[in-house]
Protein chains: 2
Amino acid sequence: MADNKKLVEQITAMEEDFAKWYTDVCRKAELVEYASVKGFTILRPYGYAIWENIQSIMDAEFKKTGHENVAMPVLIPESLLKKEGELVNGFAPEVAWVTHGGSEELEERLAFRPTSETMFCDHWSNILQTYRQLPMLYNQWCSVIRWEKTTRPFLRSREFWWQEGHTIHETAEEAQAETLQQLNCYADFFEKVLAIPVKPGRKTEKEKFAGAEATYTVECMMKDHKALQGATSHYFGDKFSRAYDVTFTGRDNKLQYPFQTSWGSTTRMIGAVIMTHGDNNGLVLPPKIAPTQAIVIPVAQHKPGVLDAAQALLDRLTAMGIRAKMDASDNSMGWKASEYEMKGVPLRVEIGPRDMEKGQCCICRRDTGAKVFVPLADLETAVPALLEDLHQNLYNKAKENLEAHTKPCLTMEEVKTFIETEGGFAKTMWCGDTECELKMKEVAGVSSRCIPFEQEHIGDVCPVCGKPAKHMIIYGIAY
Amino acid sequence: MADNKKLVEQITAMEEDFAKWYTDVCRKAELVEYASVKGFTILRPYGYAIWENIQSIMDAEFKKTGHENVAMPVLIPESLLKKEGELVNGFAPEVAWVTHGGSEELEERLAFRPTSETMFCDHWSNILQTYRQLPMLYNQWCSVIRWEKTTRPFLRSREFWWQEGHTIHETAEEAQAETLQQLNCYADFFEKVLAIPVKPGRKTEKEKFAGAEATYTVECMMKDHKALQGATSHYFGDKFSRAYDVTFTGRDNKLQYPFQTSWGSTTRMIGAVIMTHGDNNGLVLPPKIAPTQAIVIPVAQHKPGVLDAAQALLDRLTAMGIRAKMDASDNSMGWKASEYEMKGVPLRVEIGPRDMEKGQCCICRRDTGAKVFVPLADLETAVPALLEDLHQNLYNKAKENLEAHTKPCLTMEEVKTFIETEGGFAKTMWCGDTECELKMKEVAGVSSRCIPFEQEHIGDVCPVCGKPAKHMIIYGIAY
């Protein structure tokens, strides 16, 4: 299905224009395409295949801890959405409204879900009766709409694809534990699947989710030293339960309100992967989410036996459970090398007459470009080891980037200079007042990313007001 | 998470009120719940788990023949939707319209997709250049909205979940072959996965999809002898390509229009499963889509060793790849039997002290209610054989129902009497004129289901007009 005539075009160098490099990668690797509907994007087969791998691994993790998938209606009556004031105030400016069904104007307009807390609460208010039904651990994979002004592939789009977990529990403690368990699940996913190191922590009052008592986040750093919020997990207390009249008969035989959480991650994770691992040759994919983990390329394929040898390699890789393909098209070796580099395929496996004589194949790594000759007899051990090493190398390089561009700062000026010259995560102390957070934003142009779980003692006072510090906090410029 | 106190309530007998029996099963088996939004339903965990199994099996089949998943925007600009007249005329009365984004009124209103031919064509018009890119074999799993007046769980709902395949090809022959290949894929899925026999065939001009040159269908018969359209596959020729200006440079170096297909199946398949296999004790699930294929129940579980023995059974079933669970709750044996019958779990595996002495377990089949004692040593061979036999038995019973209520009819009166007294599929000859089809509907209250691929010679003339017959056709009353 590839267009044989297509030339692999050059992409903008990331040092020259990072934003343009990013968009070039998204399009040249055929991940997304713009739609005719303004602000909407299309996930093309290669981009969607990455999302499918993300979904399948993450979904299995959710199920291990007892979560079940459901499907809620996509449209929410305005009156239902409005029952909890903070949530609707947070999302109202971004809601798309359905006003007509067929030729009739609706009596009440319906919101395309921007998030589904309200629908889950409404459902629970109908089905929950006793503590014996708790906890209810639900999740759904779907798309949501938020009417953003400016859009960028994966990072900000009017429609995006995500999972939203929604749970209710008998006690506050259980709900708080769930909130943190799911945040840890995301942190593990980022590190072990996406090869992206994260800074987990709590959002400030200013940055937390509309209506939540507490929001937790995993923050990552892109290659341009900007921050990207990877995924979030929220604890709601019983605020929504009370607003939506969700009750159950407790162990004491009295009516009680359950405690609630929600947690979400989106297709923006693909954007994080691009900007964490990509390079000037294109996409670099961590093996666990790569649609093709190894591409087999026959060298001098017209020579006798070469195609058979390549096919035998492909068969062995497939039998090992590696997602492998073969490209025996008539495109040049140079074209093929560029094409699969652009697509971020982790391993390129070449075999030609000389390799066959020596009983070997040549494996080229996408991350380092290094070529190793692997005896054919060792294929089953060498390939998984290479993939594992590639994952670890991607993670290590990202971790180096994160650490090299994280700096403890004692004054607002220091933060400002650091952000303007180098960019990255500025660690400072903080008194806990929103005013100081806002002042920091005004002076240094940064937003607070999180109050990390791993606290350090950088100083005794808030660099903004000079009052005693309560926490260490991370500031940065975010996507 | 089950409510231990819940009593398994009686459901309406299907002989008494089939429609009420159906709704009772949907709700008591906890498949769906009504939402606060009129005409919308919620897929609850158990219902959604069935859908996940359907998706996973069907998706793998699609991928075997080279289809790739994508995600298209959910909203379609009105002008784009209107480019192909027949399609928009077919769907306009059922479209939900988004008119506002945030606080702003949109310049052009946007349709919530009722189907996505238009979006795929628009995308292809942007990315297709040469015949070397063909065929493009796409599919997406998503929800669509059609603003129906009356709604029933799974069968007719304003929002429903489906897959929609969309493909373009270099030649008409290839597109026609794809249309039929996908119809066969559905027929196989119904028979081998859902255990539902089907009558595959072509829809008449009157019943075909808006804008299609030809629509093919798999028709099934429910236990009340009514027809249900299982899935459809459409051939469009180059009609949409021309309307949406989708072109490619052909082998002759000239601009050409590709030939197009689409094919879809929906959550209504779950409705078909309920009405094909269900009984007065509730749901009966074919093993391949059952979320739980075997439920292990310890008997006299307080006795020493019983729970361990039950756990060992569960572990062995799980190790075999069977989707198994254990219910060691304090509910009575009677309650558990009723509960898992209601949920349609194919096998109930019981083990108690006496079984342990004899080195056996007792397996009860959901379809026949038959109990067999299986030596523990034989578990790995007995369980898969029982599941296979259960599937085959469900299929055979459904096939008997289909054949027993299919009748060749020579006159309109005969059709009318058959439909009024017994109900089912009336096979008649047909001249091919829509007028005769309409007359049959008027007189006998039936719609044409399909012109089956397997034609029979019932007579020489159309029973309506008396002119020479061209085809055998099936009539029935449809969901």
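No value in this document is a laboratory result; all are computed from the given coordinates. For clarity, every value in this text was computed on a predicted model and none was experimentally measured. Positions of Cβ are backbone-derived with ideal geometry, glycine not excepted, and every protein chain shown enters the neighbour counts.
Calculated from the alpha-carbon coordinates, the stretch B:313-355 shows an Rg and a Dmax of 11.2, 28 Å respectively. Look at the Cα gyration tensor of the stretch B:27-80: its axes a ≥ b ≥ c give a/c of at least 1.5 with a/b at or below b/c, and that counts as oblate. On a per residue basis, the convex hull of the C-alpha atoms belonging to the stretch A:94-250 measures out at 154 Å³. Over chain A, Cα pairs under 8 Å with separation of 6+ residues give a relative contact order of 14 percent. The residue among B:MET472, B:CYS362, B:THR417 whose Cα reaches farthest toward the positive pole of the charge dipole of the stretch B:350-479, with charges on the beta-carbon of Lys, Arg, Asp and Glu, is B:THR417. Alpha-carbon geometry of the stretch A:257-318: the Rg and the Dmax are 20.3, 74 Å, given in that order.
Summarised in one figure, the compactness ratio Rg/Rh of the stretch B:334-479, Cα atoms and Kirkwood Rh, is 1.27. Summary for A:GLU388: label point 7 Å along Cα→Cβ; distances to the equivalent points in the other copies, ascending, 3.7 nm.
Over all directions, the projected convex hull of the C-alpha atoms in the protein assembly as shown averages 44.0 nm² in area.
Just check the stretch A:150-238 against the gyration tensor rule for me: Cα atoms, a ≥ b ≥ c as the square roots of the eigenvalues, rounded for a/c under 1.5, and otherwise prolate or oblate depending on whether a/b exceeds b/c. Prolate shape, in that a/c is at least 1.5 and a/b is the bigger ratio.
Which angle from 0 to 90°, rounded to the nearest 10, does the C-alpha axis of helix A:333-342 make with the longest principal axis of chain A? In chain A, helix A:333-342 runs at an angle near 10 degrees to the longest axis. Please compute the modelled spin-label separation between B:LYS467 and B:ASN393, points set 7 Å along Cα→Cβ, answer in nm with one decimal. A separation of 5.1 nm, rounded to one decimal place.
In nanometers and ordered shortest first, the copy-to-copy spacing of the B:ARG323 label point, defined 7 Å from Cα toward Cβ, is 2.3.
The slack between A:ARG27 and A:HIS457, meaning 0.36 nm per residue of separation minus the straight C-alpha distance, is 150.4 nm. Taking Cα atoms, how many degrees apart are the long axis of helix A:172-188 and the longest axis of chain A, rounded to 10 and kept between 0 and 90? Around 20 degrees separate the two axes. Each 5 Å bin, from zero up to the one with the longest distance, holds this percent of the alpha carbon pairs of the stretch B:1-116: 2, 8, 11, 12, 13, 15, 14, 11, 8, 4, 2, 0. In chain B, the longest principal axis of the Cα atoms and the axis of helix B:45-64 are about 60 degrees apart. Where both bridge residues fall in the protein assembly as shown, DSSP classifies roughly 85% of the beta bridges as antiparallel. Think of each Lys and Arg Cβ as +1 and each Asp and Glu Cβ as -1; about the Cα centre, that makes the dipole of the protein assembly as shown roughly 320 debye. Above 36 Å, the calculated P(r) of chain B contains 39 percent of its Cα-Cα pairs. With its label point put 7 Å out from Cα toward Cβ, B:GLY445 sits 7.5 nm from the same residue's point in the other copies, in order from shortest. Label positions at A:GLU86 and A:ALA172, each projected 7 Å from the Cα along the C-beta direction, are separated by 1.4 nm.
When the pairs A:LYS203/A:LYS399; A:LYS28/A:LYS199; A:LYS82/A:LYS203; B:LYS226/B:LYS470 are compared against a 28 Å limit on Cα-Cα distance, A:LYS28/A:LYS199 fall above it.
Taking 7 Å steps out from each Cα toward its Cβ at B:SER79 and B:LEU255 produces label points 2.0 nm apart.
Taking the stretch B:411-479, how much of its Cα-Cα pair set, in percent, is spaced more than 13 angstrom apart? Beyond 13 Å sits 58 percent of the P(r) for the stretch B:411-479. For the stretch B:162-233 versus the stretch B:324-348, the spacing of their alpha-carbon centroids is 37 Å.
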